[in-house]
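Heads up: the structure comes next, in structure tokens.
Nothing in this text is a laboratory measurement; each read-out follows from the coordinates by a stated rule. From a predicted model like this one, the values you see are computed outputs, not experimental measurements. Here Cβ is always computed from backbone atoms with ideal geometry, including for glycine, and neighbour counts include all displayed protein chains.
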Amino acid sequence: MKFIDFKYQKKLNSKHIKNINKILNKNNFILGNEVHNFEKKFAKFSGSKYAVGTSSGTDALFLALKIINLKKDDEVIIPAHTFIATALSAYYTKCKIVLCDIDPNTLLIDIDKLQKLISKKTKAIIPVHLYGRAADIIKIKKIIPKKKKIFIIEDASQAHGLNYYSKKVFIGDFTIFSLYPAKNLGANGDAGIIITNKKNDYIKLKMIRNWGSITKYEHKLIGYNMRMDTIQAAILLEKLKKLKYWNKQRKKIAKFYNLELNKIKYLKINHNLINDHVYHLYVIITKFRNKLQTYLNKKKIDTIIHYPKTINKHLSFKNESFYKKKYKISEEIANSCLSIPIYPEMKIKDQKKVLREIKNFFKFK
Ligand SMILES: Cc1ncc(COP(=O)(O)O)c(C=O)c1O
């Protein structure tokens, strides 16, 4: 059984081909109308005024960090347990990255520990709605000292549509999304998007994703080539129509998993207890993780570890001050987490097989 079977998306292929043909005939490959349409629709869908399409989620986060004018000693706080891109986007800006451990219950940034890390030098916090679960942005806003402007840039790369379930999200200064193919909303290639309610920042973001220019050959800001592709925007416009339904499907499967997996004492399943969730990933925690993964592999069930190393353990960061530090909970989770298959329209018989085999594995413990 595949970790994700993309069959549920293939039904849209004939529409994509028709839409791509139109673009091929118009030759508007770069910043065509489809990009602007998708931006408008995605902003509305996500409860925001503006959206700026980008070449990837990594670039979206980099651009959002770029326009807050980080200086060399400015600190940006991110969770120690996230995908490497959250840290790398910050690293490219030359700011100082400060890692924060995660909460063992939510697996998201630990807000009490975060409060202690906020210093005079803190310029931004990047909470990650990891796995599709809502970080409590309202609570994070409350712990920020009133006299200091600290930007909140939400990394919602795994949490498209989360605002339909949680009122605590997408209320920071910027929220960024990866639109990588496997995400809840994914392109058929690389893409990303930033949402914001601030008009000035929106205009700046539109400029710096396009070499600092709005009018051709006039460059008012230092910019980059980090635009969303017209063909990807056309594909995303079709998929966006399905996102609410797809997220509902994910939640339904998760509910089914929760019921059974909660009964296994060697597993930690707290998904249904705290925080809203759009189940980009269904993650279980067990000290028998490696053995369970091998067992499921033998039963032909694909699983993935998201993520086997915390940010502080990557050799690429060997010169960073956090490299030698310890982030106890994050490291424990990296050693015990396992993502099991979940995707829209996953067959009931496959869901049952996943549950059956996990139960079989633990029967002998
Ligand atoms: C939490 C998180 N942040 C950032 C990214 C980077 O996005 P992209 O792959 O589109 O650059 C991803 C996904 O890949 C992600 O899962």
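Couple of notes before you dig in:
- Protection proxy ranking, highest mean first, for peptides 255-264, 231-240, 168-177: 168-177, 231-240, 255-264, where packing is the per-residue count of other beta-carbon atoms within 10 Å, averaged.
- Excluding same-chain neighbours fewer than eight residues apart, the lysines reachable from residue 318 by a Cα-Cα span under 21 Å are 72, 94, 96, 309, 326, 328.
- Bridging of residue 359 to aspartates and glutamates at a Cα separation below 20 Å is possible for 260, 302, 350, once same-chain residues fewer than 8 apart are set aside.
- Sorting the segments 56-69, 91-104, 137-150, 25-38 by their mean number of nearby beta carbons within 10 angstrom, highest to lowest, gives 56-69, 91-104, 25-38, 137-150.
- Cα-based Rg and Dmax for the range 243-363, where Dmax is the largest Cα-Cα distance (Å): 15.9, 49
- Per the Kirkwood formula applied to alpha carbons, the range 173-306 shows a radius of gyration over Rh ratio, Rg over Rh, of 1.12.
- For residue 26, net neighbour charge (Lys/Arg +1, Asp/Glu -1) across residues whose Cβ lies under 15 Å away: 0
- Remark on residue 192: its backbone amide H falls under 5 Å from those of 54, 55, 56, 179, a criterion applied only to residues 5 or more positions apart or on other chains, H modelled at 1.01 Å from N.
- Net charge dipole size for the range 37-143 [Lys, Arg +1 and Asp, Glu -1 on Cβ; Debye, nearest 20]: 440 debye
- Antiparallel DSSP beta bridges within the range 98-208, as percent of all bridges there, nearest 5: 45 percent
- The share of Cα pairs per 5 Å bin across the range 1-139, counted from zero up to the longest distance, runs 2, 8, 13, 14, 17, 15, 11, 9, 6, 3, 1, 0 percent.
- Separation between Cα centres of the range 163-231 and the range 249-322, rounded to whole Å: 29 Å
- Only Lys, Arg (+1) and Asp, Glu (-1) charged, at Cβ; the chain dipole about Cα centre in debye: 800 debye
- Counting neighbouring Cβ atoms within 10 Å and putting the fewest first, the residues 157, 119 line up as 119, 157.
- Relative contact order of the chain, defined on C-alpha pairs under 8 angstrom at six or more residues apart (%): 22 percent
- Taking a Cβ cut-off of under 11 Å around residue 96, the surrounding Lys, Arg, Asp and Glu residues balance to a net charge of +1, with basic ones at +1 and acidic ones at -1.
- 10 Å-binned pair-distance histogram of the chain (Cα, whole percent): 5, 24, 32, 25, 11, 2, 0
- Anchor residue 10: aspartates and glutamates whose Cα lies under 17 Å away (excluding residues fewer than 8 positions away in-chain): 238, 345
- Considering only alpha-carbon pairs that sit under 8 angstrom and 6 or more positions apart, the relative contact order computed for the range 243-363 is 35 percent.
- The slack in the chain from residue 22 to residue 314, taken as 0.36 nm per residue of separation less the alpha-carbon distance, amounts to 100.7 nm.
- Total formal charge among the other residues, if their Cβ is under 9 angstrom from that of residue 72, Lys/Arg +1 and Asp/Glu -1: +1
- Dipole check for the range 120-257: with +1 at the C-beta of Lys and Arg, -1 at the C-beta of Asp and Glu, and the Cα centre as origin, the magnitude is about 800 Debye.
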